[in-house]
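The values are calculated or read from the model by the stated rules, or taken from the named source; none is laboratory data. Quick caveat, the model's predicted, so the values are computed rather than measured. Every residue, glycine among them, receives a Cβ derived from its backbone with ideal geometry; neighbour counts consider all protein chains shown. The protein model used for the area step is the full one, side chains on, heavy atoms only, and it has no ligands, DNA or RNA in it. Shrake-Rupley method; radii C 1.70, N 1.55, O 1.52, S 1.80 Å.
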Amino acid sequence: MGDMEQGKHRAPAEYGAHQAPAHYEGGDGCLTTVIRIPVRIVVLLVVLPVRMVWDALVVTARAAERVLFRPLGRALAWLFDVLVATPAGWLWRYVCVPLGHALAWLARAVFVWPWVALWRYVVVPVVRYGIVVPLQWVYAHLLTPLGHGLRWLYREVLVPAARWLGSALKWLLTMVFVMPVVLVWRYVLVPVGLAAAWLVRYLVVVPLGWVYRRVLTPLGHGIVWVLDVVIRGVEAFFRGIGIALRWLVVVLLVTPVVWVYRRVLAPVGREIAAALGVAWRVAGYLSRAVGRALAWLARNLIAAPVRWAYRTVCVPVGHFVRDAFLAPVGRALRAVGRTTRETLRAARETVRRARRDAWRALVGAPAEPEPGEPGSPLARTLGSATTVPSAAPGPEFSPLPEKSAQQG
């Protein structure tokens, strides 16, 4: 019961809070909703060929790297080792290396430098001198001098003019109303009315003082107040003009630009970027599907018939040719080779013997030792000149040969 009462008194959740997706972004207006689908369709139609070409280039590059460039690189590495290890290394050093540098320079000149020059001498100058510099010039030479001029006009012209006008009016009132009275009092009434001071005091001075205090002073204060009000009104007027100008600039220039940026350019740019991402992924799926379809067609229309023809036709024909023709021909060629090698070996031996006999016939046989020459005893060394102390001496005369003994 307590849980049920707590559930009854629990605040209800906001309607629709559970319906928003995880990555929902609020604030999309009707313009975003209107342009989203057409922009994505147009971007998909534009990006799809680019993505298919890109995938085709990637597949071609991978196949070329696997089939062509990697074996070519290994062959070039082997050739490089051979060339460096042999006296022909100067060919690599003085021909291939300069040629590679020239090709690299040509590739940079054809593929890199034009884009660098386009960015450096076209895009950057256009953005800088077509957008940034004019805006800086307008701000520095139009808006800033205009603001400074309005401020200077307010401070140096309007305020001093109002102050000067107030001072002039005050001086004029003083000269018109105060100075004549002061002059009359100081240079006429006082010398003439010394005798009638009391009469003049109560008939002239007191009324004039009363008029001065009750009429002229409030009138002067009122004139000063009016002048102050006029000056403040002028200041407020020009301040209001400034505020109005600022409000007009904000309303007519800044607010439309901000509104266009927030409501048009930002949604359009965001939708175009999102459309590019979605179109690139969708184009990838389509390109992958097209690639799989082409691979399936190639596998079923080309590879399968070729494999069937190889297994069904080429392999039996190759085995028949090998067993019927190539194997007997190989055995015959090996027999001929063995016979030829034996014949050549016998011919070389015959030539070697004939050359030896001819040399003996021309030069003669090597000299044979005389029959009576004693043989060297085992105990003598150093040309039979010395004897070994520990060995028994041999006989001084060698026994005659059997043939010589028979003849004697």
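For the range 42-74, which positions are open to solvent by 60 Å² or more (accessible area, probe 1.4 Å) and either within 19 Å of A289 (Cα to Cα) or among the polar types (S, T, N, Q) (or both)?
If the condition is that a residue be open to solvent by 60 Å² or more (accessible area, probe 1.4 Å) and either within 19 Å of A289 (Cα to Cα) or among the polar types (S, T, N, Q) (or both), then L45, V46, P49, V50, M52, V53, W54, L57, V59, T60, R62 are the ones that fit.
Here is a yes/no grid of residues against (1) open to solvent by less than 50 Å² (accessible area, probe 1.4 Å); (2) over 30 Å from V157 (Cβ atoms); (3) in contact with a Leu (Cβ under 8 Å, 6 or more places away or on another chain):
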{"site": "V190", "(1), (2), (3)": "no, yes, no"}
{"site": "Y202", "(1), (2), (3)": "no, yes, no"}
{"site": "G222", "(1), (2), (3)": "yes, no, no"}
{"site": "L227", "(1), (2), (3)": "yes, no, yes"}
{"site": "W247", "(1), (2), (3)": "no, no, no"}
{"site": "I272", "(1), (2), (3)": "no, yes, no"}
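Take residues that are under 30 Å from V47 (Cα atoms) and modelled with pLDDT of 90 or more and tell me which of the helices (runs of 4 or more DSSP H) falling wholly in the range 244-343 contain 2 or more. Give the derivation first.
Numbers: elements: 255-260, 266-298, 304-309, 315-321.
In the range 244-343, 266-298 are the helices (runs of 4 or more DSSP H) which contain 2 or more residues that are under 30 Å from V47 (Cα atoms) and modelled with pLDDT of 90 or more.
Which count do you get for residues in the range 75-109 that are modelled with pLDDT under 80, open to solvent by 60 Å² or more (accessible area, probe 1.4 Å) and of a type in the set (A, V, I, L, M, F, W, C)?
Result for the range 75-109: 8.
Can you name every residue in the range 157-173 that is out of contact with any helix residue (DSSP H, G or I) (no Cβ under 8 Å at 6 or more places or on another chain) and open to solvent by less than 60 Å² (accessible area, probe 1.4 Å)? Break it down stepwise before answering.
Taking the range 157-173 first, the residues out of contact with any helix residue (DSSP H, G or I) (no Cβ under 8 Å at 6 or more places or on another chain) are 157, 160-161, 164, 167-168, 171-172.
The answer is V157, P160, A161, A168.
Answer with yes or no whether Y154 is more than 22 Å from V224 (Cβ to Cβ), among the hydroxyl-bearing types (S, T, Y) and either surrounded by 11 or more Cβ atoms within 10 Å (Cβ to Cβ) or touching an Asp or Glu at 6+ places or on another chain (Cβ under 7 Å) (or both). I'd like the intermediate steps shown before the answer.
Details: more than 22 Å from V224 (Cβ to Cβ): yes; among the hydroxyl-bearing types (S, T, Y): yes; either surrounded by 11 or more Cβ atoms within 10 Å (Cβ to Cβ) or touching an Asp or Glu at 6+ places or on another chain (Cβ under 7 Å) (or both): yes.
Yes; evaluated as a whole, the condition is true for this residue.
Could you check, for the range 236-250, whether at least one of its residues is closer than 30 Å to W54 by Cα and either more than 51 Å from the chain's Cα centre (by Cα) or not aliphatic (A, V, I, L, M) (or both)? Break it down into steps so the answer makes sense when it comes.
The first filter runs over the range 236-250 and keeps only residues closer than 30 Å to W54 by Cα, leaving none.
There is no residue in the range 236-250 that is closer than 30 Å to W54 by Cα and either more than 51 Å from the chain's Cα centre (by Cα) or not aliphatic (A, V, I, L, M) (or both).
Cβ contacts < 9 Å: first residue farther than 12 Å from G269 by Cβ and at pLDDT 75 or above, restricted to the range 27-41; second residue aromatic (F, W, Y) and loosely packed, with under 11 Cβ neighbours inside 10 Å, any location; separation 6+ or different chain. Result?
Pairs found: none.
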